[in-house]
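**Student:** The structure is given below, and queries will be raised subsequently.
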Amino acid sequence: MMDFSVKPLIELQVSDLQSHAVWASYYEPDDLEELVALGYERLDCVRKLEAINFSDEYVFPLPRSASGARFKYL
């Protein structure tokens, strides 16, 4: 399983984009299914998204393979 982390969008820096080229925000329940399909552990994602109240003001890095995923914003 891959580690899931969130970061405030306003704190995203160039170094973050160099480390992870693909980022997304949570917008709808189907996004959780996309995360699980990408290899993230469901409970870890839910716990971290609940901690930020599922806010779209936070982003999370995704693997490069997610560039074709169905997130609204990458």
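The values are calculated or read from the model by the stated rules, or taken from the named source; none is laboratory data. If you're wondering where the values come from, they're calculated on a predicted model, not measured in any experiment. Every residue, glycine among them, receives a Cβ derived from its backbone with ideal geometry; neighbour counts consider all protein chains shown.
**Student:** If a residue has to be closer than 22 Å to Ile10 by Cα and loosely packed, with under 14 Cβ neighbours inside 10 Å to count, how many in region 34-54 make the cut?
**Tutor:** 4
**Student:** OK, next. Of the residues in region 37-74, how many are more than 24 Å from Gln18 (Cα to Cα), assigned to a helix (DSSP H, G or I) and either touching a helix residue (DSSP H, G or I) at 6+ places or on another chain (Cβ under 9 Å) or among the β-branched types (Val, Ile, Thr) (or both)?
**Tutor:** 2
**Student:** Determine if region 49-58 includes at least one residue that is modelled with pLDDT of 95 or more and within 10 Å of the chain's Cα centre (by Cα).
**Tutor:** yes
**Student:** Moving on. Output the residues belonging to region 34-56 that are out of contact with any Leu (no Cβ under 9 Å at 6 or more places or on another chain) and either of a type in the set (Val, Ile, Thr) or on the phi > 0 side of the Ramachandran plot (or both).
**Tutor:** Listed by number, the residues that qualify are Val36, Gly39, Ile52, Asn53, Phe54.
**Student:** Take region 20-43 and flag every residue that is acidic (Asp, Glu) and closer than 16 Å to Lys72 by Cβ.
**Tutor:** Matches in region 20-43: Glu28, Asp30, Asp31, Glu33, Glu34.
**Student:** Looking only at region 22-36, which residues are assigned to a helix (DSSP H, G or I) and touching a residue at least 12 places away in the same chain (Cβ under 8 Å)?
**Tutor:** Asp30, Asp31, Leu32, Glu34, Leu35
**Student:** Would you point out the residue of region 1-33, among those that are closer than 17 Å to Arg70 by Cβ and small (Gly, Ala, Ser), that is surrounded by the fewest Cβ atoms within 10 Å (Cβ to Cβ)?
**Tutor:** Result: Ser25.
**Student:** Check whether at least one residue in region 59-74 is surrounded by 14 or more Cβ atoms within 10 Å (Cβ to Cβ) and of a type in the set (D, E, K, R), and report yes or no.
**Tutor:** No: region 59-74 contains no residue that is surrounded by 14 or more Cβ atoms within 10 Å (Cβ to Cβ) and of a type in the set (D, E, K, R).
**Student:** Search region 1-31 for residues being in contact with a helix residue (DSSP H, G or I) (Cβ under 9 Å, 6 or more places away or on another chain) and modelled with pLDDT of 95 or more, and hand back the single one that is farthest from Pro63 (Cα to Cα).
**Tutor:** If we take residues in region 1-31 being in contact with a helix residue (DSSP H, G or I) (Cβ under 9 Å, 6 or more places away or on another chain) and modelled with pLDDT of 95 or more, then Lys7 is farthest from Pro63 (Cα to Cα).
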